[in-house]
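Worksheet: one structure, shown below.
Only the coordinates and a few stated rules stand behind these numbers; no lab work does. A quick note: this is a predicted structure, and the numbers were derived from the prediction, not measured. Cβ coordinates were reconstructed from backbone atoms using ideal geometry, including for glycine residues, and neighbour counts include every protein chain displayed.
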Amino acid sequence: RLLANLVHELGRPLGALKAAVNVLREGAGDDPALRAELLEGMDTTISHMEPLLDDLARLHGQILGNLPLNRQLTHLIDWLPPRLPPWRAAAEEKGLVWHSQVPADLPAIAMDSDRMAQAVGNLVSNAIKYTPAGGSVTLSAGETGADVWIQVADTGPGIAPDEQEHIFEPFYRSNRHRRFPQGLGLGLTIAKEIVLGHNGRLTLHSTPGEGSTFTIHLPK
Ligand code: ADP
């Protein structure tokens, strides 16, 4: 609700500013009194918009919080498989092929299982959302060196190199996927914050046209 309100509150003054710019462009700038009045109005409008930035920052803080984690030693083989059926069902309902592979012998990791489920869930739901029917989504886990990893790979549209650095930013949504029902642009931001809170890393490998692979690396 706060966000909807902010969108509304930002839209109104932006419309007023745009109108004032158009009036100035169409010649009102030649009349000194009218120009001064318009500029004064624009200045006031901009001042009114500034507190909205504070609201946005507060909203960001509320959503991400300072992330208190309740970490417990967890074996992925006990934790991950019970969570798979709803994801599998969502993928199959969309006409995607679902694969999953979780080895039984991975070392236990200290994690907040609810928060980590939220992070993996966000990756899975993006993979399902952005991959057209007929494609596939693969969830796998494994270990390399000092890390245990959980990976979500899809055969969707992929993410262009120039967008890869931005998609983890709050409220970022690609212009290229307008035909998909996008969310608020917070799913990956939240996933990344959760993984960082576990001293881990969230990496992306993607080739446009071939798919995207997101990997959560967690220290053993
Ligand atoms: P949204 O709520 O828009 O899905 P996210 O933070 O989860 O926000 O993702 C940000 C953007 O990254 C999306 O709008 C989309 O453009 C892109 N994206 C995320 N996951 C994928 C994926 N698996 N395949 C293609 N693009 C993706």
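Things worth noting here:
- Stretchable slack from residue 53 to residue 207, in nm (0.36 nm times residue separation minus alpha-carbon distance): 51.9 nm
- Computed from Cα atoms, the angle from the helix 32-64 axis to the main principal axis of the chain rounds to 20 degrees.
- Estimated at 0.36 nm per residue, the fully extended path between residue 22 and residue 171 surpasses their Cα-Cα distance by 50.8 nm.
- Here the convex hull built on the C-alpha positions of segment 51-147 has a volume of 139 cubic angstrom per residue.
- Residues of type lysines that residue 220 reaches as a straight line, Cα spacing below 23 Å, ignoring anything fewer than 8 places off in the same chain: 192
- Given +1 at the Cβ of Lys and Arg, -1 at the Cβ of Asp and Glu and no other charges, the dipole of segment 66-212 around its Cα centre is 440 debye to the nearest 20.
- At 1.002 mPa s and 20 °C, Stokes diffusion of the chain via Kirkwood alpha-carbon radius, µm² per second: 106 µm²/s
- Chain lengthening between residue 70 and residue 36 when straightened (0.36 nm per residue, less Cα-Cα): 6.4 nm
- The H on the amide N of residue 74, modeled in the peptide plane, is under 5 Å from the matching H of 109, 110, 111, each at least 5 residues off or on a different chain.
- Entry note, the chain: the mean residue ellipticity at 222 nm calculated from DSSP H runs of n ≥ 4, each adding -39500 (n - 2.57), is -15500 deg cm²/dmol after division by the residues and rounding to the nearest 500.
- Using only Cα coordinates, the Kirkwood hydrodynamic radius of segment 106-220 works out to 14.4 Å.
- Peptide ranges 21-34, 126-139, 91-104 listed from the most packed, as the mean C-beta count within 10 angstrom indicates: 126-139, 91-104, 21-34
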